[in-house]
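Here's the structure we're looking at; comments come further down.
The values are calculated or read from the model by the stated rules, or taken from the named source; none is laboratory data. Since this is a predicted model, take the numbers as computed values, not measurements. When we count neighbours, we look across all protein chains shown, and the Cβ atoms used for this are built from the backbone with ideal geometry, even at glycine. Surface areas here come from the heavy atoms of the whole protein model, side chains and all, with no ligands, DNA or RNA. Shrake-Rupley method; radii C 1.70, N 1.55, O 1.52, S 1.80 Å.
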Amino acid sequence: MCKGLAALPHTCLERAKEIKTKLGTLLQKPDATIDFIIPYPEKLEKLPKAQKPSPEEALQWRDSLEKLLQNPYGLASFRSFLRSEFSEENAEFWVACEDYKKTKSPVKMAEKAKKIYEEFIQTEAPKEVNIDHFTKAVTMKNLVEPSPTSFDMAQKRIFALMEKDSLPRFVRSEFYHELIK
């Protein structure tokens, strides 16, 4: 029998931490949905119908967030992982910016810019992303006359944040390990 947590295998410790986090979330939010306690491998099966990448392709994502985000299955897996960590707003913002840049109509661009600002940038936004005051100020100035590059600085900051923080955690997660088997 193990004499303490230090004696447990590394994967057991990770699983114990995962269960503790999920139970803590459920206890704090009694109205939370039951899907928080579904194990990761079952969630992976519910990804969109995009073609599952080969293990070799998925292995490339360890070193390139850009490749991960460009792959529909990779993006869906990453978003599922971020959802499990309550930080999906970063990927959602990145996707919204990519969609925004493809907009041709100035009227639609202004509508989308307003929606992105209200959903992700403004203080107390429902899915507010973590950007510094300077980046927020530059973005707000850019939105006076929306252009395809209005959110570039904020998008680059969020990309860097995901690359530095979220990607390494994703690569260590069960989500990713299921893909490279």
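Every residue in segment 76-95 that is out of contact with any Lys or Arg (no Cβ under 6 Å at 6 or more places or on another chain), open to solvent by less than 30 Å² (accessible area, probe 1.4 Å) and more than 12 Å from Lys127 (Cα to Cα), please.
Hits for segment 76-95 are Ala76, Ser77, Phe78, Phe81, Leu82, Ser84.
Out of the residues in segment 142-166 that are out of contact with any Phe, Trp or Tyr (no Cβ under 8 Å at 6 or more places or on another chain) and touching a residue at least 60 places away in the same chain (Cβ under 8 Å), which is most open to solvent (accessible area, probe 1.4 Å)?
Result: Glu163.
Which of the residues that make up segment 86-122 are polar (S, T, N, Q) and within 16 Å of Ile158 (Cα to Cα)?
If we filter segment 86-122 for residues that are polar (S, T, N, Q), which is where we start, we get 87, 90, 103, 105, 122.
Correct list: Ser87, Asn90, Gln122.
With Asn71, Asn90, Asn142 as the choices, which residue is within 10 Å of the chain's Cα centre (by Cα) and either within 24 Å of Glu57 (Cβ to Cβ) or of a type outside the set (A, V, I, L, M, F, W, C) (or both)? Walk me through how you get there before you give the answer.
Numbers: Asn71 fails: within 10 Å of the chain's Cα centre (by Cα); Asn142 fails: within 10 Å of the chain's Cα centre (by Cα).
That would be Asn90, the only listed residue that is within 10 Å of the chain's Cα centre (by Cα) and either within 24 Å of Glu57 (Cβ to Cβ) or of a type outside the set (A, V, I, L, M, F, W, C) (or both).
What number of residues within segment 122-156 are closer than 26 Å to Ser105 by Cα and assigned to a helix (DSSP H, G or I)?
The total comes to 13.
Being buried (at least 17 other Cβ atoms within 10 Å of the Cβ) and more than 29 Å from Ser105 (Cα to Cα): is that true of Phe170 here? Full working, then the answer.
Details: buried (at least 17 other Cβ atoms within 10 Å of the Cβ): yes; more than 29 Å from Ser105 (Cα to Cα): yes.
Yes.
How many residues are free of Cβ contacts under 8 Å to residues at least 24 places away in the same chain and assigned to a helix (DSSP H, G or I) if we restrict to segment 99-111?
4
Looking at segment 93-129 only, could you name the residues that are of a type outside the set (A, V, I, L, M), under 20 Å from the mean Cα position of the chain (by Cα) and closer than 18 Å to Leu69 by Cβ?
If the condition is that a residue be of a type outside the set (A, V, I, L, M), under 20 Å from the mean Cα position of the chain (by Cα) and closer than 18 Å to Leu69 by Cβ, then Phe93, Trp94, Cys97, Glu98, Asp99, Tyr100, Lys101, Phe120, Lys127 are the ones that fit.
Can you name every residue in segment 50-65 that is closer than 16 Å to Phe159 by Cα and over 13 Å from the mean Cα position of the chain (by Cα)? If you could, list the steps in order and put the result at the bottom.
The first filter runs over segment 50-65 and keeps only residues closer than 16 Å to Phe159 by Cα, leaving 61-65.
Of everything in segment 50-65, those that are closer than 16 Å to Phe159 by Cα and over 13 Å from the mean Cα position of the chain (by Cα) turn out to be Trp61, Arg62, Asp63, Ser64.
Mind telling me which of the residues Thr123, Thr135, Thr139 ends up being crowded, with 21+ Cβ neighbours inside 10 Å, of a type outside the set (A, V, I, L, M, F, W, C) and without any contact (Cβ under 8 Å) to a residue 40 or more places away in the chain?
Numbers: Thr123 fails: crowded, with 21+ Cβ neighbours inside 10 Å; Thr135 fails: crowded, with 21+ Cβ neighbours inside 10 Å.
So the residue among Thr123, Thr135, Thr139 that is crowded, with 21+ Cβ neighbours inside 10 Å, of a type outside the set (A, V, I, L, M, F, W, C) and without any contact (Cβ under 8 Å) to a residue 40 or more places away in the chain is Thr139.
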